[in-house]
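One structure is given here, and the rest of the page talks about it.
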Amino acid sequence: MIQNDLNLAADAALQIAEYVNEGRRVLGAIPTQKRVILERFFDESGGMQMVLHAPFGGRINRAWGLALRKRFCRGFGFELQAAANEEAIVISLGPQHSFTLEDVFNYLHPNSVRKVLTQAVLDQPMFESRWRWNATRSLMLERFQNGKSVPPQILRMRAADLLAASFPAAVACPENLPPGDLEIPMDHPLVRQTIDDCLSESTDIEGLIQVLKGLRDGSIERIAVDTTEPSAFARGILNSGPYTFLDDAPLEERRTQAVLNRRTLDPRVQDDLGALDPLACSAYASKPGRSRNRRRMCMMR
């Protein structure tokens, strides 16, 4: 049916069917826009990974991940690593984090999530880049001086100085800040515009509010599963690139690197992992222009 409906090759349709069946085997269901699945499993470091399967797109998931990360930060007192892409969100937990998985769906409320997300974006790179863009297009920063364009690094410095003068708490030393929410000067037009851009362009706060309402009124089904291994649906977000990161930890320091996906494979598949297909090698080596050494290397197994 997949092959006919999507006009796919037989091999591609088979791979999609196997992928979906493998994910359903672990989670018991398939995530859709009417069904959100939350899974949690241990990694090799002794910590846990929590993956929220929510195929709502990158902007909604980025907003959801940032707000959820901020809620965890205030609840447990730790800044957690998180990432979000078009179909999932992952939050890396430590051994000291213990809670009922089902309760995570109630951590954010539709009436207060805008305030939580606003506080969450203030220390994100998106806020600085949007601030710099708004300050430049409003002519608060000169792009040309003495007949020459101002270098980007100088514009970045001047934008930071303007932010310090307009919104000091955004760049202040954390030790000097009072506990709780930052006081945001919403009467400043650049600050107001930058926050609005972060909430409506970089993320989608209105879409997130509708999702949270659906979770509470039952129109969106919610499932929480503790698993012994990551599902097939979780592999994409666990191995996602830096563009999905919601924190500043580099790739080599991600706690998601502690998840071994190979342990979930069939032992027979592991034995042949990385093996070359002799027929494919023969076809490759027989092409004109291939050197003798490359043919010999290709035919080696």
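Structure values in brief
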quantity	calculated
For Met140: the one exception among (1) in contact with a Lys or Arg (Cβ under 8 Å, 6 or more places away or on another chain); (2) assigned to a loop (DSSP other than H, G, I, E, B)	(1)
Every residue from region 27-43 that is among the hydrophobic types (A, V, I, L, M, F, W, C) and either open to solvent by 30 Å² or more (accessible area, probe 1.4 Å) or under 23 Å from Gln210 (Cβ atoms) (or both)	Ala29, Ile30, Val36, Ile37, Leu38, Phe42
Verdict on Arg71 being surrounded by 15 or more Cβ atoms within 10 Å (Cβ to Cβ) and over 20 Å from Arg216 (Cα atoms)	no
Filtered residues of region 196-223 (kept if open to solvent by 40 Å² or more (accessible area, probe 1.4 Å) and either assigned to a helix (DSSP H, G or I) or in contact with a strand residue (DSSP E or B) (Cβ under 6 Å, 6 or more places away or on another chain) (or both))	Asp196, Ser200, Glu201, Glu206, Gln210, Lys213, Arg216, Asp217, Glu221, Arg222
Total residues in region 109-123, condition open to solvent by less than 40 Å² (accessible area, probe 1.4 Å) and either over 30 Å from Val225 (Cβ atoms) or part of a helix (DSSP H, G or I) (or both)	8
Lone unmet requirement of (1) part of a helix (DSSP H, G or I); (2) under 15 Å from the mean Cα position of the chain (by Cα) for Pro55	(1)
Residues of region 229-281 classified as open to solvent by less than 50 Å² (accessible area, probe 1.4 Å), part of a helix (DSSP H, G or I) and either touching a strand residue (DSSP E or B) at 6+ places or on another chain (Cβ under 7 Å) or at pLDDT 90 or above (or both), total	8
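Conditions tested, residue by residue: (1) in contact with a Cys (Cβ under 6 Å, 6 or more places away or on another chain); (2) assigned to a helix (DSSP H, G or I); (3) touching a residue at least 60 places away in the same chain (Cβ under 8 Å).
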| residue | (1), (2), (3) |
| --- | --- |
| Asp5 | no, yes, no |
| Leu8 | no, no, no |
| Leu14 | no, yes, no |
| Val26 | no, yes, yes |
| Gln49 | no, no, yes |
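Here is a yes/no grid of residues against (1) more than 23 Å from Leu52 (Cα to Cα); (2) of a type in the set (Phe, Trp, Tyr); (3) open to solvent by less than 20 Å² (accessible area, probe 1.4 Å):
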position	(1), (2), (3)
Thr100	no, no, no
Tyr107	no, yes, no
Trp131	yes, yes, yes
Asn134	yes, no, yes
Ser149	yes, no, no
Ala160	yes, no, no
Pro168	yes, no, no
Pro178	yes, no, no
Met186	yes, no, no
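The values are calculated or read from the model by the stated rules, or taken from the named source; none is laboratory data. For clarity, every value in this text was computed on a predicted model and none was experimentally measured. Glycine also receives a Cβ, built like all others from the backbone with ideal geometry; neighbour counts cover every protein chain displayed. We work out accessible area using only protein heavy atoms, side chains counted, and drop any ligands, DNA or RNA first. Shrake-Rupley method; radii C 1.70, N 1.55, O 1.52, S 1.80 Å.
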